[in-house]
Amino acid sequence: MSWVPDRDPILGDAESTDAIELVVVPRVRDLGDGFAVRRALPHGKRQMVGPFIFFDHFGPMQFIAGQGMDIKPHPHIGLATVSYLFDGSITHRDSEGHIQQIMPGAMNLMTAGRGIAHSERTPDANRARPHSLVGLQSWIALPEGREEIDPSFQHFSAHDLPLVEDSGISARVIAGSSFGRQSPVGTVSEWFYAEVNLLAGSSAPLDADHEERAIYIVEGEVEIAGDRFEGPRLVVFRPGDAMQIKAITKSRMMFLGGTALEGPRYIWWNFVSSSRERIEQAKEDWRQARFGEVPDESEIIPLPEKSY
């Protein structure tokens, strides 16, 4: 995905408790060609939750035969992308030579580090018929001292990830540790990510173990400490309190967060860094085609004139 800043909407009601720091209404952002997303992070009042610095929710999008998502090759530095689908499929290609079809429930972690380019397109098999697409993409800012690591890509199918099931609850541990289970995904900092599905009347615990925590309500309505929240919403919690999330209706959520980074990050287009000078270098590297070619691709997204 690509990022361009936009103004944040103002939430009309103070939907919060003492344990809740912020409630974010995702803003709609058009990435071009009618591809719109709901963007929860970064927000004017909150740049990151743990190392999560970017959070996009796309779909449900309906495509007729012959159409699909086409995000041309574009660059990243200083971050890792997490692509996670609920419906549909995406073909990932990157300049390190990785080609991977992304399916619902799978974990796909592309670590850009010192620099990578990639494309995201609807597979030909899906494009041949009417199809839908629903999912999330997040960026994980890399910690100081690890921003320039070698680029890499990890893929874990839905069957590879721990699944916790109990009465009225189903939770897939995508990264880090949740619900007493550990994901096999390798990370360079402490963060966690889990998909949580609840039937109406069921509850799920949000542990206090992690320094920074939030839930993203994809769909449904939940109750937290007596207040109700409908999706889509990002609810950011203050540290220290274990919480119970109760579903008023059948609900799908993402639990996320982790250890806060040592400081804020600069963001320009698709570049994240603790150094403005490094971002300027990345801009010039993309202009001069130094990121490497993406397999089976002949187009690129050109560097925009401005991002702020």
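The values are calculated or read from the model by the stated rules, or taken from the named source; none is laboratory data. Bear in mind that the values here come from a model prediction, so they are computed numbers and not experimental data. Cβ sites come from the backbone with ideal geometry, for glycine too, and all protein chains shown count toward neighbours. Each accessible area value is taken on the protein alone, full model and side chains, heavy atoms only, with ligands, DNA and RNA left out. Shrake-Rupley method; radii C 1.70, N 1.55, O 1.52, S 1.80 Å.
Need a quick list: strands (runs of 3 or more DSSP E) entirely within the range 187-277 having at least 2 residues that are over 21 Å from residue 80 (Cβ atoms). Explain how you work it out, then say what you get.
Working: elements: 191-198, 203-206, 212-219, 221-224, 227-230, 233-237, 243-247, 251-258, 266-268, 271-273.
Once the strands (runs of 3 or more DSSP E) in the range 187-277 are filtered for at least 2 residues that are over 21 Å from residue 80 (Cβ atoms), what remains is 191-198, 203-206, 212-219, 221-224, 227-230, 233-237, 243-247, 251-258.
Determine the pairs where a residue that is within 19 Å of residue 56 (Cβ to Cβ), located within the range 216-235, has a partner that is of a type in the set (A, V, I, L, M, F, W, C) and part of a loop (DSSP other than H, G, I, E, B) with Cβ atoms under 7 Å apart, the partner being 6 or more residues away or on another chain.
Short answer, once both residue conditions are applied: 233/25.
Tell me, please, whether a residue that is at pLDDT 95 or above, aliphatic (A, V, I, L, M) and open to solvent by less than 10 Å² (accessible area, probe 1.4 Å) can be found in the range 24-36.
Yes - at least one qualifying residue is present in the range 24-36.
Are any residues in the range 98-114 open to solvent by 10 Å² or more (accessible area, probe 1.4 Å) and assigned to a loop (DSSP other than H, G, I, E, B), and if so, which ones? Give the derivation first.
So in the range 98-114, the residues open to solvent by 10 Å² or more (accessible area, probe 1.4 Å) come out as 98-101, 103-104, 111, 114.
Listed by number, the residues that qualify are 98, 103, 114.
Here are some residues: 77, 116, 99. Which one is touching a residue at least 40 places away in the same chain (Cβ under 8 Å), closer than 20 Å to residue 294 by Cβ and in contact with a helix residue (DSSP H, G or I) (Cβ under 6 Å, 6 or more places away or on another chain)?
On the way: 116 fails: in contact with a helix residue (DSSP H, G or I) (Cβ under 6 Å, 6 or more places away or on another chain); 99 fails: in contact with a helix residue (DSSP H, G or I) (Cβ under 6 Å, 6 or more places away or on another chain).
Result of the check over 77, 116, 99: 77.
For residues that are in contact with a Gly (Cβ under 8 Å, 6 or more places away or on another chain), surrounded by fewer than 21 Cβ atoms within 10 Å (Cβ to Cβ) and of a type in the set (Asp, Glu), tally how many sit in the range 210-226.
Within the range 210-226, residues that are in contact with a Gly (Cβ under 8 Å, 6 or more places away or on another chain), surrounded by fewer than 21 Cβ atoms within 10 Å (Cβ to Cβ) and of a type in the set (Asp, Glu) number 3.
Name every residue in the range 195-209 that is at negative phi, open to solvent by 10 Å² or more (accessible area, probe 1.4 Å) and more than 18 Å from the chain's Cα centre (by Cα), in order of residue number.
Residues satisfying the conditions are 199, 200, 202, 203, 205, 207, 208, 209.
Of 204, 214, 225, 194, which residue is of a type outside the set (Lys, Arg) and at pLDDT below 95? Break it down into steps so the answer makes sense when it comes.
On the way: 204 fails: at pLDDT below 95; 214 fails: at pLDDT below 95; 194 fails: at pLDDT below 95.
Unique residue meeting the criteria: 225.
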